[in-house]
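A.B. asks: Please see the structure below; I have some questions.
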Amino acid sequence: PAYSSINPTIVVSGSDSSPGSGLAYLSYKWDNDVVQTYVSPLAIPAQGDHTLTVIAGDIAGTTPATWTGIYRLDTSAPTVTNITLSSTTLYPLKQRLSVSCMLQDTYSSTINYTLWIERNGSLIKQIGSGTVSNNSNISAAWDGKNSSGNYVFGSEDARFGSSPLYTVKLAVSDSAGC
């Protein structure tokens, strides 16, 4: 099953097939923990992969029925490490900016990403996007042009006496949606 970013409420129920003797008990255990009597809805005990085993016994004492299911919980967003920029200045005109980093996630095996450039808070150009495996390095380059192919820094900034703030932004999410 896929990872869930929300810890679900797990309700366990059981019955004895007609004309059975009736349900005597419902028990459960997570992974290799101790078997416990079921009394209220369950939640996945921690992030990661977990096996839930449910045991139902009847009044007649016949062999208990068991059910096993896998639950996956991931509430942590991917991490971004080893961020490098080729330069922190974009002058003279036509200088390229390269960015690279590593994407990691503890539980999900794939990570979605989008990289873009903003100028004073407004989108200039998306410079990269995709889906990569966990522990992948990504990189992208910006040539100083906007989405229309026009240069957006250098002589224009000097002409208007402005000092715009260019920001490299990165959005990441894992297969659980974190």
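A.B. asks: Show C101, C178 ordered by accessible area, largest first, where the area counts protein heavy atoms only and the probe is 1.4 Å.
C.D. replies: Values: C101 10, C178 30 Å².
Descending accessible area places them as C178, C101.
A.B. asks: Length gain on complete extension for the stretch A2 to N32, per 0.36 nm per residue less the alpha carbon to alpha carbon distance?
C.D. replies: Fully extending the segment from A2 to N32 adds 8.6 nm.
A.B. asks: If you don't mind, there's one more thing I want to ask. Tell me, in nm to one decimal, what length is gained between T62 and K145 on full extension, where the rule is 0.36 nm per residue of separation less the Cα-Cα distance?
C.D. replies: Numbers: separation 83, 0.36 × 83 = 29.88 nm, distance 7.45 nm.
Length gained between T62 and K145: 22.4 nm.
A.B. asks: Same structure again: Tell me the per residue accessible area of the chain using a 1.4 Å probe; a whole number in Å² is fine.
C.D. replies: Working: 10290 Å² over 178 residues.
Value returned for the chain: 58 Å² of accessible area per residue.
A.B. asks: Tell me, rounded to the nearest percent, the portion of alpha carbon pairs in region 1-50 spaced more than 14 Å apart. Don't skip to the answer; put the middle values down first.
C.D. replies: Working: 763 of 1225 pairs.
Cα-Cα pairs of region 1-50 separated by over 14 Å account for 62 percent.
A.B. asks: Across the chain, how many lysine pairs, 8 or more positions apart or on different chains, have C-alpha atoms separated by under 21 Å? Please give the number. Intermediate values should be presented prior to the final figure.
C.D. replies: Values: K94/K125; K94/K145; K94/K169; K125/K145; K125/K169; K145/K169.
Value for the chain: 6.
A.B. asks: Okay, next question. Could you state how much accessible area W67 has, in square angstrom rounded to the nearest 10, with a 1.4 Å probe and all protein chains kept in place?
C.D. replies: Number for this one is 120 Å².
A.B. asks: Using helices alone, I'd like the mean residue ellipticity at 222 nm for the chain: each DSSP H run of four-plus residues gives -39500 (n - 2.57), total over residue count, nearest 500. Before the final figure, lay out the partial values.
C.D. replies: Values: 1 runs with 6 residues, N = 178.
Mean residue ellipticity at 222 nm (helix-derived): -1000 deg cm²/dmol.
A.B. asks: Sticking with this one: Using a 1.4 Å probe over the heavy atoms of the protein chains, calculate the carbon and sulfur portion of the accessible area of the chain as a whole percent.
C.D. replies: Details: 5180 of 10290 Å².
Taking all protein chains in place, the chain shows 50 percent carbon and sulfur surface.
A.B. asks: Normalised by the residues of the chain, what does the relative contact order come to in percent, with Cα pairs under 8 Å and at least six apart?
C.D. replies: Once divided by the residue count of the chain, the mean separation gives 21 percent.
A.B. asks: What distance in nm separates the two pseudo spin-label positions at L23 and Q126, each 7 Å out from Cα along the beta-carbon direction?
C.D. replies: With each label placed 7 Å out from Cα toward Cβ, I get 4.9 nm.
A.B. asks: What spacing in nm lies between the two simple spin-label points modelled at K169 and S87, each 7 Å away from Cα in the Cβ direction?
C.D. replies: 2.4
A.B. asks: Further question: Hey, any idea what Rg/Rh is for the chain, computing Rh the Kirkwood way over Cα pairs?
C.D. replies: Details: Rg = 27.0 Å, Rh = 20.6 Å.
Rounded to two decimals, Rg over Rh is 1.31.
A.B. asks: Between S76, S136, S17, find the one with the highest GNM mean-square fluctuation for the chain; connect C-alpha pairs within less than 10 Å.
C.D. replies: Its mean-square fluctuation being the largest, the pick is S17.
The values are calculated or read from the model by the stated rules, or taken from the named source; none is laboratory data. Quick caveat: nothing in here was measured; it's all calculated off a predicted structure. Ideal geometry is used to build each Cβ from the backbone, glycine not excepted, and the neighbour counts take in all protein chains shown. Heads up: the accessible areas ignore ligands, DNA and RNA and are worked out on the full protein's heavy atoms, side chains in. Shrake-Rupley method; radii C 1.70, N 1.55, O 1.52, S 1.80 Å.
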